[in-house]
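Working notes, beginning with the structure itself.
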């Protein structure tokens, strides 16, 4: 038994932890949980915990349903919102086949495989997400059928006596208590919209942190008699919720994206990485923007990027190179602005990293940076500059992913097929709905 496992067992005993929750996700990123008695944890470390994988979306076909949960002791944390009595903890799990091999259908393993490929190329990947979400008075809509935000604040607003301020203070303290470092938090542009930025960490830890983050945010909201939603675009007239993520690759202790004296201080590796993301973005958009509602954010105005472009400190670009700070070469990074807060972080980060690594492997050429506001250009101007659009709907994104050679390579055939099957079913359900918009617009005149 290794030291981390011994630490977990000792902590469970010393803190009188009564429940140990084993966490994992399905292909769309829904958190799954099974509670284990403390006496069973040592056995789970040694042999894994058996469960029926066929009952979980995308994990196993019926005829191969037996799966094992293997707890990762490095992710052990006490859950503070469960209180001091009968303490509850959690560990993230890797999913194994009965013979102890990593399951090809485990989203966490998909990201691990991509990180292993990066390591083979000499790179470590760090990520830093900026997570937006809306805080609502309740899950129930108001009289007009729209959600009701907790305030009417705007970007960076300080709302005296504001619900959101108390919420953010409590949420940040709880995140810190489960080992998630927060860089800063503030009110975002929409009423009741908030942003909390997590400190940079390696990509796997970030994905685990994001799954915990969503749980913490929802738990704190419920404690304060409010409701938090990561829905990409809950309001027609207000901005959607993105999850802009900064990426950097390191070779040992050296930032592989930094080159002193180069344009924007960007190394050739960084330029090829950006080129890979831009070339393959239409193919992975179904993963980074996986719901019908995601496309209301991408194409609904606000600051959501809708076209394939990159720029230096250009907030209309899909990929932004943040302003360079003199003497801060180690912080060189790129920011992908397309991803929304409802993405499965394991699959989304695997897709973005995999596309960037493909650009490095193949030596992709980076097109010229967009210096203009891409949204203000005409369609003809965007075409002339090579700023092709991202998929306009989930249907378009599914088609682009189906035609991709890279995506089954990144995700593995099983996750690729299960993910597409799930998204096709969602699109089919959506296209059959008669919406209030149609009734309001057409019922009285047709």
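The values are calculated or read from the model by the stated rules, or taken from the named source; none is laboratory data. On a predicted model such as this, the values are computed, not experimentally measured, just so you know. When we count neighbours, we look across all protein chains shown, and the Cβ atoms used for this are built from the backbone with ideal geometry, even at glycine.
Here residue 368 does not qualify as under 20 Å from the mean Cα position of the chain (by Cα) and either crowded, with 18+ Cβ neighbours inside 10 Å or at pLDDT below 95 (or both). Would you check which residues across the range 384-397 are in a helix (DSSP H, G or I) and touching a helix residue (DSSP H, G or I) at 6+ places or on another chain (Cβ under 6 Å) and list them? 394, 395, 397, listed by residue number. Listed here are the strands (runs of 3 or more DSSP E) enclosed by the range 1-94 that have at least 1 residues being within 30 Å of residue 412 (Cα to Cα) and at pLDDT below 90: 31-36, 49-52, 66-71.
Residue by residue, here is whether (1) free of Cβ contacts under 8 Å to residues at least 12 places away in the same chain; (2) assigned to a helix (DSSP H, G or I); (3) within 26 Å of residue 307 (Cα to Cα) holds:
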| position | (1), (2), (3) |
| --- | --- |
| 399 | yes, yes, yes |
| 404 | no, no, yes |
| 409 | no, yes, yes |
| 427 | no, yes, yes |
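For the range 198-213, state whether one or more residues are outside any loop (DSSP other than H, G, I, E, B), more than 20 Å from the chain's Cα centre (by Cα), surrounded by fewer than 23 Cβ atoms within 10 Å (Cβ to Cβ) and modelled with pLDDT of 95 or more. No: zero hits.
Under the condition of being under 21 Å from the mean Cα position of the chain (by Cα) and either part of a loop (DSSP other than H, G, I, E, B) or buried (at least 24 other Cβ atoms within 10 Å of the Cβ) (or both), the residues counted in the range 239-275 number 11. Of all residues in the range 83-103, those that are surrounded by fewer than 17 Cβ atoms within 10 Å (Cβ to Cβ) and without any contact (Cβ under 8 Å) to a residue 60 or more places away in the chain total 8. Among the criteria (1) in contact (Cβ under 8 Å) with a residue 40 or more places away in the chain; (2) closer than 27 Å to residue 123 by Cα, the one residue 290 does not fulfil is (2). Just checking, does the range 136-157 include any residue being at positive phi and in the same structural domain as residue 408 (by TED's automatic domain parsing)? Yes, that holds for at least one residue.
Residue 166 meets each of the listed conditions (1) over 24 Å from the mean Cα position of the chain (by Cα); (2) farther than 26 Å from residue 233 by Cα apart from (2). When the range 185-197 is limited to residues that are in contact with a helix residue (DSSP H, G or I) (Cβ under 9 Å, 6 or more places away or on another chain) and assigned to a strand (DSSP E or B), the one that is surrounded by the fewest Cβ atoms within 10 Å (Cβ to Cβ) turns out to be 186. Screening residue 144 on (1) part of a helix (DSSP H, G or I); (2) within 30 Å of residue 236 (Cβ to Cβ) shows it passes everything except condition (1).
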